[in-house]
Amino acid sequence: MKANFKSLIRFELGYQLNTWAAPLFACCYFAFAFLMGSQGTSPVGVNYNSEYELFLKMGLLSLGAVFSIMFFVVLAIHRDRKYDMEPLIFSTPVSKSMFYFSRLTGAWLMALGVLIFAIPGFFLGVYFSDLDPERIGPFSILSAGSVFSILFIPSVSICTALIFTVGLHSRNTLATYAMAILIYGAYFISAIFLNSPLIANAAPISSENLFFAALLDPFGLSAFFEQTNLWTPYQKNSTPIAFSGLLAWNRVLWMVGALLVILISYMNFSFRKPHNGSFKKAKADYAPETGRETFQKVSPSLGHFYPVIPSSVKLEFLWVFKSIPFWLITGGWTLIASTEIYSKIYSGGSYGESYFPEAQILLEQVQSPLNVFCLVLLVFFTGELVWRAKESKFHEILGATPAPAGYFFISTTLTLLAMLGIMIGVTLMICLGFQLIQNQQGIDSISLLILILSPGLSLFVHTVIMLQIHQWSGNKYLGMCLSALVIALVSSSLGSAIGINHPLLKIGTSPYLVYSQQAGYGLGSKGFWLLSLLWINLAVIISICLFRNWKGSSRRKLQKTTRLTFSKLVFPIILLIGPTSYSFYQINIVGNYKTANTRLDEQHQYELAYKKYEASPVPAYSSLDMEVDLFPSKSTFNAKVKGFLKNTSGKSIDSFLMTEKVELEGLQIERAGTIEKDEILRVNLVHLDTPLQPGEEVAFSFEVNLEPAVFNQEKSVVQDGTYLNFRDFAPYFGYAETREINDNRERKKRNLPVKSSRTDSQDHPELERNLIKVDFKARVSTESPQTVITSGKLKGVKNNGDRVSFDFESPHKIMPAVAFFSGNYQETSMQFNGVNLQLFSIPEHHESALNTLDIMRKTLEFASDNFGPYPLDHLKIVEVPSYWGFGGFAHPGVISMVEDNFFLVKPEPLNPLDLRTKRTVHEVAHQWFGHLLAPRNLPGASVFVEGLAKYTEAVLLEREFGKAALWQLTDQANTVYFSGRAFATEPEPALAYTEGQNYLAYGKSLLGLLAVRDLVGEEKLNGAIRNMVDISKEHSEPKVTMADFLRMLKSNASPDQIRGITEAFEKVVRFDLSITNAEIEQVENGKYKVTVGFQAKKMETRADGSEVEIPINDKLEVSAFSVHPKTLTSTKDILYSEFISIREGKGAISFISDQRPSLIGLDPWGTKPDSNRKDNFFQMDE
């Protein structure tokens, strides 16, 4: 029997190897892995061929194994029926077990065999690339073996078991495809619910929120992330992936699952040809001949064949829509779409916030997944429908019929479009269902019909393209593979990776229609309609050709191309030429499209020509007087800007660089002798007749006249909700390192010096090196009846027919981070201590305006009391459309809040500490930190801007909502810090030396400031902050530095306090704290003696990223609670709290509590950076 089984395996492998599938998939895996290895997409500081990178890249690639497995299973199972070999197979002495396991083993070995080509492909991609050799470590065969055994074998096993089982028991190729699609559907559904880091809506990665995903992910990627998510680049280079913990449990569980599936499948498999009852039916239908029938002679003519279309459509409709696999796939999409929406609107935000199910939120969640799912569906069903006649042995009869072949093309196309219509219709019903559940349906719901156009029109074009591919191919599976490849190239990032970037090369792909409740459909709609018209014309031309020459699977002889065919193509071709030419003009000429190589050439030329000016002093804007005319209906604007430039450096300036972001007209600079302009790079080299001495000013002026564009539309100016920043069109001064080539491989090719990695943040323009506070006034006009808002005090309003103008002037110098708003707003206001608090939003988003104004009032009161008075008589929040990708931004006296990230966030009555509250406090705090206190652009500056805003947020919300608010904010900051640290592009600097690292500014800086508060007290810390504000507001130029701040904190401090401040701000230190055990003993007076065992480590990060344990000598807080701190509602639930001195890494402490505690916490409020805060708490037994 063994010999026979070996013979069957050899035959099975030989058969599979002789097909096109094996070499094609092996080449594809090798090529994709080679591309992954050669591109060098590893995080900076991580070796390109480290075991971490190998696991990550191979894990991502293994997600595609489902499709290769599907093809091998189809070849193993369905070939018997395809070649009418079932009667022979079932009559041979081959046993059930030999048949079952030979076919299963053959498919499993082939799936593993082709996937393994990815490993040498990746290594060779790294080896033969021009990547930085310093980041290529030794190639390890052990790493390859680890990937193969830990990732590949379990993943391939479970997928093969599931697909093989369905294919074998159904004997239906559609069911096999459906199982493959459903595996992906189930994976992504679970990934969304289980918070996999591969999903865009996932919360910040942490080991705690990856627990269930790590166990239930069939591909093992979430388990891999759970083990490595907090690894620094140093650890990613030096630490091997361990087969332990949740990764080991995941792999073992899924291997056991695969064996169980195989066992159940084998026990239920009947080794005989399925009996369909055809004999009885034939016998019943048999009737003896009663006489000779006569037939009427028919003369064929074209008119007699029209009924072929509805008949053929009916047959294909019945075949698709009566098939169980199609409705299983539809059900799978229903679950995926419902899960996508549910995961967003119910606690799906970055901070766990919920959203109203408005149309724009729903569209954002389903547009892209619907397009991808439908494309996958088209790849399979197009092949099945085109080749169905041949597989049913009906192709020869069909080919002999006199009916025009184009009729069958029409029926196939209509069937595919009906499938797409069902998918879009199901999606619409799901979206409406969520709105009905929350009673959010209304006129805005009509916008959901966008799905019919986007992605509906692109799907129609891609349907025709796939039919044309099958027309050219001679094999169903070849046609399916080519269709998948073409669609991947024109509609995914794969095309961009190999240089397919021009919109006219992405055939059939149009940008998604973007909808905003505030701005409507304006953004990008012109480009959508133009490209859609172009692709529809192309689809019509292809359809005409297919109608005239349709072969399908009948392979009938092609008709000769006639003059009639050409005449039918003339008009569509003319229609195609027009949009194509106009699109090319708009993209290349108006939009100034540049290829990747052209952009690299320009970056190279910029560095060669202007690098010498990098250290040259430059002037800064010191006064701004603007006239801005907004044209929202045309998405354009004109601006006239004049003012003064000041030399804030300590050196004289005889020349400087001035770079245009948009084309400037009429540029004039006082004392400028010549202005040399590079038209390609948009750089002006200004030579002054007499040097500009330190402190001197010169006048300047320029104009901007922005022309309307079809593509790359100016998103700042829209029909309703204009948000135009001065920095969007203002020229900047000096050399910009950001315009250099960053890729060191490309730099080596061009003989440029290698660059060190840096992380620069552009979140806050006030940190640019040459910004100072300016005098500001502006006259801004817009279309009536819209309202204009900007920084400064409103001086007057003038109506001029269909336009209205507003005059603004700031009574104080302000940072030039100004913006211009225009829209149809509803205003709500509140007065507080002479300050007019205002909120401007569209009427539909006005429900919680008073609550927002009250939070503004509380923040204004707190900040004024602690950090100095607010200097203006107004503070405004203005709504901006949802396509701006941030939460909020603070301008002088005005705060922009994004529609979906603020106004569509659902209030939580049971949790007043919602995102709106946090975001309002944070942005109001920026009126002090970033505007009144504008630090010098030196290391540590971002702590003043973001760190102090986060500190204000924490202290104020702790006062308003209790300690639970503090726990939530520090927990979030801790997660941001450690997850960002793991993907840092350079070794972590201390807080005092940060240079734009957001994970430090938004994360660790809050922990450091709270730790200092515990050390020196809140009064002294707030006093030091206020001193920094007072110094800064007295000067128009940035003055304060981190060194000044630390010096002030350390003054009159004890040695222990100075050491703590130094560790918090000038060293990179983290803690590893845990409670190992706790015991409770009731004492005589009815109180409870609690003994707590703990472990405490303190780790310091060296310059190379490695860590070393250092002695611990810290005061840490120990607390006892009746509830967890995150659910704390009263201080009465804190039963005990005291700071204790810890001088050893392991020990125990005892304390007396009046009540029996339920939970013990070490550093319960999270002021010490600790990657695992969960073990800081110990749950007591009842």
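Tabulated results
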read-out: Candidates G421, G349 - the one that is modelled with pLDDT under 80 and of a type in the set (G, A, S); value: G349
read-out: Region 1103-1145, subset out of contact with any helix residue (DSSP H, G or I) (no Cβ under 9 Å at 6 or more places or on another chain) and either in the same structural domain as A990 (by TED's automatic domain parsing) or touching a residue at least 60 places away in the same chain (Cβ under 8 Å) (or both), residue farthest from S238 (Cα to Cα); value: S1130
read-out: Close pairs (6 angstrom Cβ cut-off, 6 or more residues apart or separate chains): closer than 19 Å to D1072 by Cβ in region 959-977, surrounded by 21 or more Cβ atoms within 10 Å (Cβ to Cβ) and of a type in the set (A, V, I, L, M) anywhere; value: A973/L1006; A973/L1007
read-out: Extreme residue, nearest to T994 (Cα to Cα), among residues of region 920-949 that are assigned to a loop (DSSP other than H, G, I, E, B) and small (G, A, S); value: G940
read-out: Residue satisfying all of: in region 620-649; polar (S, T, N, Q) and free of Cβ contacts under 8 Å to residues at least 60 places away in the same chain; nearest to G524 (Cα to Cα) among these; value: N647
read-out: Out of V717, V686, sole residue that is touching a Phe, Trp or Tyr at 6+ places or on another chain (Cβ under 6 Å), of a type outside the set (D, E) and free of Cβ contacts under 8 Å to residues at least 60 places away in the same chain; value: V686
read-out: Test: residue in region 990-998 that is of a type in the set (D, E), outside any helix (DSSP H, G or I) and surrounded by fewer than 20 Cβ atoms within 10 Å (Cβ to Cβ); value: yes
read-out: Some residue of region 702-716 being under 25 Å from K526 (Cα atoms) and either touching a His at 6+ places or on another chain (Cβ under 6 Å) or part of a strand (DSSP E or B) (or both); value: yes
read-out: Residue match in region 1062-1083 (condition: buried (at least 19 other Cβ atoms within 10 Å of the Cβ) and at positive phi); value: no
read-out: L956 vs. criteria under 29 Å from the mean Cα position of the chain (by Cα), assigned to a helix (DSSP H, G or I) and surrounded by 21 or more Cβ atoms within 10 Å (Cβ to Cβ); value: no
read-out: Unmet criterion (only one of (1) in a helix (DSSP H, G or I); (2) within 38 Å of the chain's Cα centre (by Cα); (3) over 28 Å from E1100 (Cβ atoms); (4) not basic (K, R)) for I1031; value: (2)
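The values are calculated or read from the model by the stated rules, or taken from the named source; none is laboratory data. Everything numeric here is computed off the predicted structure, so don't read it as measured data. Positions of Cβ are backbone-derived with ideal geometry, glycine not excepted, and every protein chain shown enters the neighbour counts.
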